[in-house]
Amino acid sequence: MRWALSNGHTHAEHYPGPLHNPPVKKGEAHKGHEPHAHHPKLQHHFDDMDQQLEASTLGMWVFLVTEIMFFGGLFMAYLMYRWANPSAFQEASAHLNKAWGGANTVILIVSSLTMAMAVRSAQTSAKPKTQVMWLVLTMIFGTAFLGVKYIEYSDKFTHHLVPGPHFQWPGQYPAGAEIFYSLYFVMTGLHAVHMIIGLGIMATIAVMAWRGKFDGDYYTPVEVSGLYWHFVDIVWIFLFPLLYLIGAHYAAGH
């Protein structure tokens, strides 16, 4: 179907989108028909860089919602078993090293700061070296976190506190303590896996930053990677008091 316009030109109907303008002829650029320039990183299905950033950010938030539901199931299991075994959970928690747990909390909080600075440096078109510096600092803190977890896990294996046939508990509630450490290893282990994935993402982003891929117009990968990193940090903020601090009252009474 073709439609006649008042100026005598005809255009092919393209439903549901708008009518297309006729191709620009040579010599008509000065009349205001010059095509718009596109950023080399702009994908063809987006109108501009802002729309591309918003879509990418929304996609990451949708993914993080699924992660929240995933960890939410583990938190619910923790609450149910803790309600059924309050004394056992307090007794088992008292044997965790709160100093190491607190150190890891500080480490991740600082890593969130360096991650935010990495995003900011990309947004302000900072030099590639500056962007890489913040990303590498973030990776260093993430690696330090995993190092502390290795120390804690090694201690649990040494003292036979790993759930299974060789689990040994010197306290009053061995069955409840084994349930606690089962949840401890599942929850902190999955968190550590997410941290390892985050380090891989940061390494990839750092290589891209070193090659000068990011500036004030294009920093989407850094932005969405930062959201993932902050999510991993927030999960630990919940794990630390639930696992490490509930035994403080029990330890004080004994």
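Per-structure values
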| read-out | value |
| --- | --- |
| Whole-percent pair-distance distribution, where bins are 10 Å wide, for the alpha carbons of the range 204-246 | 25, 34, 21, 15, 5 |
| log10 of Debye I(q)/I(0), alpha-carbon scatterers only, for the range 144-234 at 0.11, 0.15, 0.23 Å⁻¹ | -0.48, -0.69, -1.12 |
| Per residue, in Å², the accessible surface of the range 141-254 once ligands and nucleic acids are set aside, probe 1.4 Å | 46 Å² |
| Counting all C-alpha pairs of the range 90-159, share separated by more than 20 Å (%) | 44 percent |
| Cα gyration tensor shape for the range 58-104, rounded if a/c is under 1.5, else prolate or oblate | oblate |
| The range 126-254, accessible surface, carbon-and-sulfur percent (1.4 angstrom probe) | 70 percent |
| Cα gyration tensor shape of the range 56-134, rounded if a/c is under 1.5, else prolate or oblate by comparing a/b with b/c | oblate |
| Per residue solvent-accessible surface (Å²) - the range 53-98, probe of 1.4 Å | 59 Å² |
| The range 98-254: equivalent-ellipsoid semi-axes (sqrt of 5 x gyration tensor eigenvalues, Cα, Å) | 38, 14, 11 |
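The values are calculated or read from the model by the stated rules, or taken from the named source; none is laboratory data. These numbers come from a predicted model, not from an experiment. These area figures cover heavy atoms from the full protein model, side chains too; ligands, DNA and RNA do not enter into them. Shrake-Rupley method; radii C 1.70, N 1.55, O 1.52, S 1.80 Å.
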